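Notes for the one structure printed next.
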Amino acid sequence: MDARRRSRAGWAVIGATSAVLVAYNLSHVLHGHAAHETAIDDIVGWVPTVALVVALAVVWHWVQRRDDDPPCGWLFCKWFLAGGVLLGGAGAATFLIEIARGAHVVEPVFTSVMWVVGGNIVGLYVAYAETRRLDARHREEAASEDARRLAQRLSVINRVLRHDVRTDLNVILGYADVIGDHFESEPDELEGLRERANRLVGVTSQARLVAELLENDATGPINVGEHLADRIDDVRSEHPDIDLHADVNTDAVADAHRLVDVALDIVIDNALAGAPPDMTFDVTCRVVDDEVEVVLVDDGPEMPGTQRVVLQETEETALEHADGIGLWTVKWAVEESNGKFWFERTADETNRLVLRLPARKE
């Protein structure tokens with residue numbers, strides 16, 4: 001018998017058993033009994049029947065809303081019967097002991113049946129809790145399998161980027177050099193081809209680096225201050241015309257992912273990309289309230305909206321995408337470090353980017 005057929009059989013057993021118990025209870029109450037001498041006795045006699053009907057209605061409503069995979073009818077049936085047998089058996093055993101002692105027991109059969117009904121209700125609750133636990137485990141296993149398949153696909157894509165695409169781009173660049181030798185003055189189109197190909201080579205190299213660094217999500221001490229100080233020295237030598245101001249605490253050490261060093265280089269390179277020669281660029285790094293705060297301020301061109309969208313989105317879309325994977329790398333680095341990262345355009349038309357990371361504790 002397959003799982004669904006077994007589940008249907010389980011619900012049928014629950015329904016039939018409940019109908020017998022409710023019919024017995026109603027018959028007993030409606031026909032009256034010597035033990036029911038007051039209105040309270042009559043009300044108490046109805047309670048087990050009403051409670052069982054309500055419990056069955058609630059459970060059935062929940063089951064109808066639930067994705068019936070895997071089916072749960074047989075599980076409910078087992079706990080329903082087990083609860084009734086255990087609690088009803090306990091009640092019957094109690095009465096037998098009392099009778100053996102010579103005590104007068106009022107309506108032992110009816111009361112034992114009510115114990116059975118109470119056990120059925122308890123069994124329904126236990127089955128509900130167990131089904132929710134199994135559903136949660138099933139979702140976790142499904143998510144784990146989805147993650148495994150995604151990791152496998154990303155591994156294939158990464159391999160293609162690392163080998164096939166990069167190799168083909170190098171071949172294209174080689175052909176471009178050969179073609180360029182046939183011209184005294186190289187056409188603009190050929191130069192554009194080289195620029196695009198070199199850009200893609202850089203993207204594949206960055207993708208490979210990011211993939212390698214993200215294989216390990218552990219955090220550790222990253223001396224953000226020293227890294228920024230070294231990077232600022234490079235910027236001064238490479239861009240002597242830029243008005244660069246730096247206030248960097250070289251003792252600022254973050255407890256962060258190792259991808260943070262790459263992320264810092266990316267945000268600085270983004271700020272400098274297309275910058276006018278007389279651009280003002282301020283870099284601040286300090287420790288504030290157990291956090292390492294890095295602030296970059298420049299009066300260069302505003303960050304395009306297609307790049308700022310990365311700061312709010314959880315996935316890249318076809319219509320709104322960042323230029324390459326630079327800002328995505330920054331986002332991943334900050335997330336893996338349990339940090340924060342945002343951009344704002346100030347009232348005086350300057351770009352302000354803030355990156356905060358947990359400070360390393362001694």
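Read-outs: derived from the displayed coordinates by stated rules, not from any lab. Not measured: the values here are computed from a predicted model. For neighbour counting, all protein chains shown are included, and Cβ atoms are generated from backbone atoms with ideal geometry for every residue, glycine included.
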* Structure fact -> Kirkwood Rh over alpha-carbon pairs of the chain plugged into Stokes-Einstein at 4 °C, 1.567 mPa s gives a D in µm²/s of 47 µm²/s
* Contour excess over end-to-end distance, with Cα ends at ASP282 and ILE157 and 0.36 nm allotted per residue -> 41.2 nm
* With label points built 7 Å along Cα→Cβ from the Cα atoms of ILE99 and LEU190, find their separation and express it in nm. => 10.8 nm
* Asked: Can you give me the Cα centroid spacing of the range 122-153 and the range 1-29 in angstrom?
  -> 28 Å
* Centroid-to-centroid separation of the range 205-277 and the range 65-91 [C-alpha atoms, Å] -> 60 Å
* Structure fact -> Straight-line reach check, LYS340, cutoff 22 Å on alpha carbons, 8 or more apart in-chain or any other chain, hits among lysines -> LYS331, LYS361
* Kirkwood Rh over Cα pairs of the range 167-246 into Stokes-Einstein at 20 °C, 1.002 mPa s: D in µm²/s? -> 130 µm²/s
* Asked: So what is the 222 nm mean residue ellipticity for the chain from helices alone, if each DSSP H run of at least 4 adds -39500 (n - 2.57) and you divide by all residues, rounding to the nearest 500 deg cm²/dmol?
  -> -21000 deg cm²/dmol
* Asked: Sorting GLU335, GLU184 on the 10 Å Cβ count, fewest up front, what's the list?
  -> GLU184, GLU335
* Structure fact -> In this structure, the FRET efficiency calculated for ARG5 and ARG149 from their beta-carbon separation, with R0 = 35 Å, to the nearest 0.05, is 0.70
* To do: With a 10 Å radius around each residue's Cβ, average the other Cβ atoms per peptide and rank 271-279, 48-56, highest first.
  => 48-56, 271-279
* Would you kindly calculate the translational diffusion coefficient of the range 1-215, applying Stokes-Einstein with the Kirkwood radius from alpha carbon pairs, for 37 °C and a viscosity of 0.692 mPa s, and quote it in µm² s⁻¹ without decimals? => 138 µm²/s
* Starting from the Cα of THR250, step 7 Å along the direction of its Cβ; do the same at GLU215; then give the gap between the two resulting points in nm. => 3.4 nm
